[in-house]
Structure formats: C-alpha cells, structure tokens
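The values are calculated or read from the model by the stated rules, or taken from the named source; none is laboratory data. Only a predicted model underlies this, so the values are computations on that prediction, with no experimental measurement involved. Here the Cβ positions follow ideal geometry from the backbone for every residue, glycine too, while neighbour counts run over all protein chains shown.
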Amino acid sequence: MRMRTNERQLLHAEGNKRFLRMLQRMSQVRELAPWLRPGQSHSALRWTVARLRSGAIPSLDSRIPAAALAAALEASIAQDQLVRSIAMEMNEYQQMWDALSEQEQADRIRAFVAGFHQLKKSPEARDPESPAAEDVRRIHRTRRREHGRPRKRKKKG
C-alpha cells in the first residue's frame with residue numbers, strides 16, 4: 001500500500017510552500033555579515049553590542065568605530081537567527097516526511113500480515129501439496145526467522 005494520494009499532495013504542497021518561504025526570506029538579505037563562531041550566545045553578544053553603543057567598552061581596533069562594530073555584530077546575530085530558523089523549518093519538514101513514511105510502512109506491513117492470514121485460512125492452503133500451502137509455509141518460516149522463535153516452555157513434571 002503506497003502513501004495515500006492526498007497525503008502525498010499535502011506533503012508536496014507543504015514542501016513547496018516552505019521552500020518558497022525559505023527563498024523569500026533568504027532574498028531579503030541584502031548584505032552578508034560575518035559568521036558567528038559556533039556556540040556563541042546571542043544574549044551575550046547583544047550585551048556586548050549594548051556596551052559598545054554606550055561607550056562602556058572601546059572598539060577592538062581604533063580604526064573601526066564602536067557603532068560600526070556593534071552594527072556588524074547585530075547583523076551577524078540576525079543572519080544566524082535566519083539560518084537557524086530555516087534549519088528548524090527544514091527539520092520539521094523532515095520529521096513530517098519521516099512520520100508519514102513510518103505510517104506508510106506500518107500500513108504496508110499490516111496489509112501484508114492481513115493478506116497472509118487470509119491466505120492461511122483459504123481452502124487451497126489446507127491442502128498440504130498445493131502451491132498456496134507452500135507459500136504459507138515459506139512466509140511463516142520467513143516471519144519466524146525475522147521475529148525470532150519464542151522460547152520453549154519447560155514441561156512440568
């Protein structure tokens with residue numbers, strides 16, 4: 001059983017919508033800012049920006065005004081937030097895709113097991129020499145191998 005058509009259509013529509021939204025958000029960026037080092041805290045950087053703007057701390061380089069450095073840090077924070085939000089949206093979409101794929105796989109297994117049980121109960125499977133009975137035995141052995149044998153109970157006595 002394949003993924004239902006309406007689920008596939010909804011998934012593709014959602015993917016297209018998210019992709020267009022991502023492109024739109026990325027196109028709004030006019031100028032790239034310096035990338036932040038991994039693990040830097042946005043709140044600590046905002047605190048540094050506020051201190052640079054107030055003059056509490058001087059610029060690292062005397063040739064760069066503190067206000068310009070503060071603006072560059074703010075642009076870097078905004079760029080990092082944009083990248084993180086896009087990555088989160090992509091992860092959410094991947095989780096939706098994975099959930100639907102797992103559901104599809106579970107439906108496929110459920111349909112296979114139901115067909116197997118229906119085959120087992122058929123009159124053809126009751127004749128030990130019939131091809132249907134051979135199929136039932138083959139499927140039964142395969143399923144037993146995949147799921148392992150249950151432990152044998154010890155006889156009392």
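Determine whether Ala78 is modelled with pLDDT of 90 or more, out of contact with any helix residue (DSSP H, G or I) (no Cβ under 7 Å at 6 or more places or on another chain) and closer than 30 Å to Asp135 by Cα.
No, not satisfied.
Name, by its number, the condition in (1) under 30 Å from Leu10 (Cα atoms); (2) in contact with a helix residue (DSSP H, G or I) (Cβ under 6 Å, 6 or more places away or on another chain); (3) basic (Lys, Arg) that does not hold for Arg53.
In the conditions (1) under 30 Å from Leu10 (Cα atoms); (2) in contact with a helix residue (DSSP H, G or I) (Cβ under 6 Å, 6 or more places away or on another chain); (3) basic (Lys, Arg), Arg53 misses (1) alone.
From the list Ala56, Ala125, Ala75, exactly one residue is more than 33 Å from the chain's Cα centre (by Cα) and surrounded by 12 or more Cβ atoms within 10 Å (Cβ to Cβ). Which is it?
Checking each option against the conditions leaves just Ala125.
Quick check on my filter: what residues within the stretch 1-37 are within 14 Å of Trp97 (Cβ to Cβ), part of a helix (DSSP H, G or I) and among the aliphatic types (A, V, I, L, M)?
Leu10, Leu11, Ala13
Given the condition exposed (fewer than 12 other Cβ atoms within 10 Å of the Cβ), among the small types (Gly, Ala, Ser) and over 30 Å from the mean Cα position of the chain (by Cα), answer yes or no: does some residue in the stretch 129-140 qualify?
no
Among (1) surrounded by fewer than 13 Cβ atoms within 10 Å (Cβ to Cβ); (2) touching a residue at least 24 places away in the same chain (Cβ under 8 Å), there is one condition Arg25 misses while meeting the rest; what is its number?
(1)
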